[in-house]
Amino acid sequence: MLPWDDASDNVTNVSHLLHKPAGKFGQIVARGEHLHAGETRQRFFGVNLCFGGNFPSRDDAPIIAARLARFGVNCVRFHHMDSTTAPGGILAKDMQSLDTDQLDKLDYFIAQLKQYGVYTNLNLHVSRTYPNMPEWDGAPSFFKGVDIFYEPMIASQKQFARDLLTHVNPYTKLSYATDPAVAFVEINNENGLIYEWWNGALDDMPAGYADPLATLWRTHLRDKYQDFQTLKAAWAVGEEKPGDEMLTNGNFNSGTENWNLESHGTSSATVRQSADGNGVTIDVVQPSEIGWHVQFSQSQLKMKKGAAYTVTVKGVRSDAARTTRLMIRQAHEPWGHLASVDLPLTTTPTDHTFVLVSSESEDNARLIFSPLGQHVATFTIGEVSLRPGGRVALEDEAQWSDLALFRKKSYGRHTPTAALDWMTFLWKIESNYWLEMQRFLKDEVGVKSLIVGSATGFSPPAIQAQLDVVDGHAYWQHPHFPGRPWDRANWHVGNVSMAGHDNGATLPHLTMRRVFGKPYIVTEYNSAAPNTFGSETFLIANAYASLQDWDGMFPFAYSHRHNDWRSGRISGFFDVDQHPTKLATFPVAAMMFLRGDITTTDQRYAVEISPAQAIEQATHIGSWANTETAGVPERATLSAPLGLRLTDHPAAFDLTALPAMERNAPLVSRTNELVWDNPNKRVLIDAPRTKAYIGRIDDGPTKLADVTIQTKPNRQDWAAITVTAIDATDFKSPGRLLITATGYAENTDMGWKNEQKTTVGRDWGKTPSLVEGIDATITLPVGAERVTMYPLDERGNRRAPITFAQDELGITQIALSAEHKTIWYEVVIR
């Protein structure tokens, strides 16, 4: 375990990458699409602190600041500070004003970070539930979406921001609004009106929230159409009654003919004619941690882009109240999503009718009931119908006052013009919110920092690009909770390596929402523990962030824990401060990203989109617009910088400009420094100052320019091995090398609940964490007489040296061994 209080000055300490103090060159600024400190390009390798972790004691604060700097961390994102009252949060008992003792702890810690060259990212609204605001069943967490338009909540946000940002830190003598060490102020985490509405979370808002929004909606329509008859005529275009039936055997009179029940992974399910002869019954005998492992579908359906389809489900029920989904997706790779809606189930047979709009044309689509596989369960379906059409303009609405808010569950029934009017309205309300908050922060509060709105996807990229910096979030194998959300006893984390995974795994979802012309930071990224392949996480992420030429990468999170810095074990899904193999790779990840070991390329792929196109896209896919809407495959993100470009006069994207990307061939970056080796499930890094082999071990040596890495069998037949030149620019000049060799890690007595090692429930085990020693051979292009290797202890300090006999070939073979009882080595070349 790497000590919590260590900042030893040795080869693993990369604090020299940070300028000190933070802010020494003035405020961080955006010039074009990149960040600068003074005249120098600035990148951030940051971490998140959450809840009580934001408020270390006065004794611990300088120790933590020094440790962060030694691992190359140059920014802390203060997250979930607003979640609760002291000591877990910054709030006083009124849930609005600031607790003075907590504020003092924050002040002192930020002052310590500043001295060590670590900048600050202050989050304003993350998880505060506004006091004295009525809630309702099914309301979004923390009133997300509602606080984008509801003025009392916006006023509360402004007051909190004013109180925090105008406060003068007694240890720096500066307010947070003016301190140049505060690089970013983030308005509202993972929040967006369009996102929450699209998810159906606002369908059942009580009148106190719905009525103010409805008033704005009617005003918006009056301003556009002037009189009601004009609106009525415009909305009538595209009305269509439901057409002929598209399904075969939708009444199940022929049993399950033309229907398909799928069971994947560990799941097991059967389908039978219902006992009463009405429809079919699906019995899930063995559930899976992944719900879609059981699904029931009919394929060979033809869909048209933008067309509406009426779906009727009769007599549907379950053995317990549950919610599944009714989806239309491609019936072939890449299994793309076309339309979906929540399907609520009770123990009583119920009928439902929905109108879905297909986002793309498809000659072989399928209608799917999924997910079904999360529980031992019984589902009964009496009859299913799918017919083209079903749009109407107005029903009983005869005047302005009759016009109600559109509900997501019935959105598909609206004609294209009405749907576009609604999305244009939501877009305007959401855009105005972010711009007003930015104006307030800069003009009224006097904030000098860069303003971040929210992560793209939760808010459309075209909206977020109006602010100073665009943000993104992603997770590999995020925890899945089949029962109650965030139930610490009932969860699963996929125990799968990301290296070489099909289509780049999570990386495309970040890359395809980037907006050229704006700085882009990723303020949340991780592979959730207890995934036993976790040491790959930040090596891969920072390598491809460098190729994509992003400006920030923030592991989530350093710690969530209040005054618990000495746990000595992997403590939960996200915290890395005590995760031995993730943290041991930080120095290499920092050098790749901050030092620029992995280079980018002038070749880039930009999908152009206009504001009008962005709004029109949102009528089909909500807030998740990205380059995929132009047909750009996910795999293109592994080759060269990719993103959206906003312009009033967009040109169609030329797909022929993309490199050849055979599915079963390795994908080499344009720089030739990165290889996403899908067939062999590995990632290779071959840059002048960093070499790496990450993934499934190979039988033979892997040559990376003049360095060769030979992996050997181990517990998982998997390893992450890096070789980095610290002082020199190559691997044969005099200087020091840092080698990391990481693989399997778990706590002592980890309470695994299954063979797949996807969950431990509440039984995370005890200290110390255990790590696997990696056996491998590394060949360097230098004579053995010039080489000394030092296995390093847990602080990165040298143990007994290992020298090598003079050879005649001018190379040195270094043997890494589990017997060395280490995961990192220093090599000195004389």
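Answer yes or no as to whether residue 772 is surrounded by fewer than 20 Cβ atoms within 10 Å (Cβ to Cβ) and either closer than 28 Å to residue 700 by Cα or in contact with a strand residue (DSSP E or B) (Cβ under 9 Å, 6 or more places away or on another chain) (or both).
no
Can you find a residue in region 801-808 that is in contact with a strand residue (DSSP E or B) (Cβ under 9 Å, 6 or more places away or on another chain), among the hydroxyl-bearing types (Ser, Thr, Tyr) and closer than 18 Å to residue 569 by Cα?
no
Counting just the residues of region 661-714 that are polar (S, T, N, Q) and part of a loop (DSSP other than H, G, I, E, B), which one comes out surrounded by the most Cβ atoms within 10 Å (Cβ to Cβ)?
669
Considering region 630-658 alone, what residues qualify as being β-branched (Val, Ile, Thr), more than 19 Å from the chain's Cα centre (by Cα) and not in a loop (DSSP other than H, G, I, E, B)?
Residue satisfying the conditions is 656 alone.
Any chance region 411-434 includes a residue that's touching a Gly at 6+ places or on another chain (Cβ under 6 Å), under 30 Å from residue 663 (Cα atoms) and buried (at least 18 other Cβ atoms within 10 Å of the Cβ)?
no
Give region 33-61 a look and list any residue that's at positive phi and under 25 Å from the mean Cα position of the chain (by Cα), or say none.
Matches in region 33-61: 51 only.
In region 165-186, how many residues are buried (at least 22 other Cβ atoms within 10 Å of the Cβ) and touching a Leu at 6+ places or on another chain (Cβ under 7 Å)?
7
Mind telling me which of the residues 74, 121 ends up being of a type in the set (S, T, N, Q), over 25 Å from residue 142 (Cα atoms) and under 26 Å from the mean Cα position of the chain (by Cα)?
On inspection, the qualifying residue turns out to be 74.
So, in region 35-65, how many residues would count as being among the aliphatic types (A, V, I, L, M) and out of contact with any Phe, Trp or Tyr (no Cβ under 6 Å at 6 or more places or on another chain)?
Selection size over region 35-65: 3.
Can you pull out the residues in region 22-34 that are over 17 Å from residue 122 (Cα atoms) and out of contact with any Phe, Trp or Tyr (no Cβ under 8 Å at 6 or more places or on another chain)?
Answer for region 22-34, where residues must be over 17 Å from residue 122 (Cα atoms) and out of contact with any Phe, Trp or Tyr (no Cβ under 8 Å at 6 or more places or on another chain): 24, 25, 26, 30, 31, 32, 34.
Within region 85-118, which residues are assigned to a loop (DSSP other than H, G, I, E, B) and either within 19 Å of residue 170 (Cα to Cα) or touching a residue at least 40 places away in the same chain (Cβ under 8 Å) (or both)?
87, 88, 90, 96, 97, 99, 116, 117, 118
Could you please give the count of residues in region 355-370 that are of a type in the set (A, V, I, L, M, F, W, C) and open to solvent by 20 Å² or more (accessible area, probe 1.4 Å)?
Adding up the residues that qualify gives 2.
Give the number of residues within region 404-447 that are part of a loop (DSSP other than H, G, I, E, B) and of a type in the set (S, T, N, Q).
1
Could you pull out the residue among 56, 87 that is open to solvent by 30 Å² or more (accessible area, probe 1.4 Å) and of a type outside the set (Gly, Ala, Ser)?
87
Looking only at residues in region 512-552 that are of a type in the set (S, T, N, Q) and either at pLDDT below 95 or under 27 Å from residue 482 (Cβ atoms) (or both), which one is nearest to the chain's Cα centre (by Cα)?
Looking at residues that are of a type in the set (S, T, N, Q) and either at pLDDT below 95 or under 27 Å from residue 482 (Cβ atoms) (or both), I get 526.
Inside region 159-200, can you point out the residues that are at pLDDT 95 or above and polar (S, T, N, Q)?
Listed by number, the residues that qualify are 159, 166, 169, 172, 175, 178, 188, 189, 191.
Given the structure, is residue 782 open to solvent by less than 20 Å² (accessible area, probe 1.4 Å), of a type in the set (A, V, I, L, M, F, W, C), touching a Pro at 6+ places or on another chain (Cβ under 7 Å) and in a loop (DSSP other than H, G, I, E, B)?
When the stated conditions are applied, residue 782 does not pass them.
Which residue, of 588, 576, is closer than 19 Å to residue 796 by Cα, touching a residue at least 24 places away in the same chain (Cβ under 8 Å) and part of a helix (DSSP H, G or I)?
588 is the lone residue from the list that is closer than 19 Å to residue 796 by Cα, touching a residue at least 24 places away in the same chain (Cβ under 8 Å) and part of a helix (DSSP H, G or I).
Filter region 275-333 for residues that are of a type in the set (D, E, K, R) and open to solvent by less than 40 Å² (accessible area, probe 1.4 Å); which is nearest to the chain's Cα centre (by Cα)?
Filtering first and then ranking leaves 289.
Which is open to solvent by less than 10 Å² (accessible area, probe 1.4 Å), among the small types (Gly, Ala, Ser) and not in a helix (DSSP H, G or I), of 557, 545?
557
Out of all the residues in region 606-635, which are free of Cβ contacts under 8 Å to residues at least 60 places away in the same chain, small (Gly, Ala, Ser) and either open to solvent by 20 Å² or more (accessible area, probe 1.4 Å) or over 16 Å from residue 651 (Cβ atoms) (or both)?
Once the filter is applied, which keeps residues that are free of Cβ contacts under 8 Å to residues at least 60 places away in the same chain, small (Gly, Ala, Ser) and either open to solvent by 20 Å² or more (accessible area, probe 1.4 Å) or over 16 Å from residue 651 (Cβ atoms) (or both), region 606-635 yields 612, 630, 631.
What pairs come up if the first residue lies in region 490-507 and is closer than 15 Å to residue 635 by Cβ and among the aromatic types (Phe, Trp, Tyr), the second is open to solvent by less than 10 Å² (accessible area, probe 1.4 Å) and at pLDDT below 95, and their beta carbons are under 7 Å apart, counting only those six or more places apart or on different chains?
none
Please work out which residue is farthest from residue 790 (Cα to Cα), limiting yourself to region 715-769 and to residues that are polar (S, T, N, Q) and open to solvent by 20 Å² or more (accessible area, probe 1.4 Å).
The qualifying residue farthest from residue 790 (Cα to Cα) is 754.
Taking region 124-161, which residues are out of contact with any helix residue (DSSP H, G or I) (no Cβ under 7 Å at 6 or more places or on another chain), among the aliphatic types (A, V, I, L, M) and either outside any loop (DSSP other than H, G, I, E, B) or open to solvent by 40 Å² or more (accessible area, probe 1.4 Å) (or both)?
Result: 155, single match.
Of the residues in region 791-812, how many are open to solvent by 80 Å² or more (accessible area, probe 1.4 Å) and at pLDDT below 95?
The qualifying residues number 5.
Quick check on residue 121: is it part of a loop (DSSP other than H, G, I, E, B), farther than 20 Å from residue 197 by Cα and out of contact with any His (no Cβ under 6 Å at 6 or more places or on another chain)?
Spelling it out, it is not the case that residue 121 is part of a loop (DSSP other than H, G, I, E, B), farther than 20 Å from residue 197 by Cα and out of contact with any His (no Cβ under 6 Å at 6 or more places or on another chain).
Filter region 372-403 for residues that are among the small types (Gly, Ala, Ser), in contact with a Gly (Cβ under 6 Å, 6 or more places away or on another chain) and in a loop (DSSP other than H, G, I, E, B); which is surrounded by the fewest Cβ atoms within 10 Å (Cβ to Cβ)?
Top of the filtered list is 389.
Kindly evaluate residue 788 against the criterion of being more than 35 Å from the chain's Cα centre (by Cα) and either more than 18 Å from residue 584 (Cα to Cα) or in a loop (DSSP other than H, G, I, E, B) (or both).
yes
The values are calculated or read from the model by the stated rules, or taken from the named source; none is laboratory data. Note that the structure is predicted; figures quoted are calculated from it, not measured. All Cβ positions, even for glycine, are placed from backbone atoms using ideal geometry, and neighbour counts span all protein chains on display. Surface accessibility is based on the protein's heavy atoms, side chains included, excluding ligands, DNA and RNA. Shrake-Rupley method; radii C 1.70, N 1.55, O 1.52, S 1.80 Å.
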